[in-house]
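Please treat every number below as a calculation from the coordinates, not as lab data. What you see is a predicted model; the values in this text were computed from it and never measured. Heads up, the Cβs are rebuilt from the backbone with ideal geometry, glycines too, and the neighbour counts pull from every protein chain shown.
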Amino acid sequence: MSKLQIIIEENQKERERLLAFMAGLSEKDFNFRLPKGWTITMVLGHLAFWDIRQATLLRRWIQEGVQPASLDADAVNEGVSRLSAAIAPQAVVKLAADAAQTIDSAIEQLTPAQADELLQMGLERNLHRALHRKDHLDKIEKAMKK
């Protein structure tokens, strides 16, 4: 099995896990505070933002050859968390679901050669969205069990 196929399957698995998790949330759950102060709404907005960013970068790389520029992820995350807190829970659920589907579909359209080129550029996390989703979902589920 190719690296691209593994990434596609893991992205799908974690996207389905994200969708199931969001479907099981109550209105109260969206305001649940996680250990670092973020709410579940903020985390869902964060996931949506990064999936949208990766989809945009992937599209620009394919169409224009544009490579991602470095950025201060902590500063971006601070802004995204504040914006996400202002989004209604059902809107953030739709945004996170749509963003995950968008990036996963874009990755599924890559050729193995394109995926290999991106991986050789050190962009595995840009493609392997399951890693980001899994990390946050694991942390949320752990915190909610306490």
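Here are the numbers for the structure shown:
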| read-out | value |
| --- | --- |
| Qualifying residue in segment 6-19 (condition: in a helix (DSSP H, G or I), in contact with an Asp or Glu (Cβ under 6 Å, 6 or more places away or on another chain) and more than 17 Å from Asp98 (Cβ to Cβ)) | yes |
| Qualifying residue in segment 49-61 (condition: touching a residue at least 40 places away in the same chain (Cβ under 8 Å), small (Gly, Ala, Ser) and not in a loop (DSSP other than H, G, I, E, B)) | yes |
| Neighbours by Cβ (under 9 Å, 6+ apart or cross-chain): first from segment 120-146, over 28 Å from Asn31 (Cα atoms); second among the hydrophobic types (A, V, I, L, M, F, W, C) and outside any helix (DSSP H, G or I) | Leu127/Leu110 |
| Candidate set from segment 96-110 (those that are without any contact (Cβ under 8 Å) to a residue 60 or more places away in the chain and over 11 Å from the mean Cα position of the chain (by Cα)); member that is farthest from Gln54 (Cα to Cα) | Gln109 |
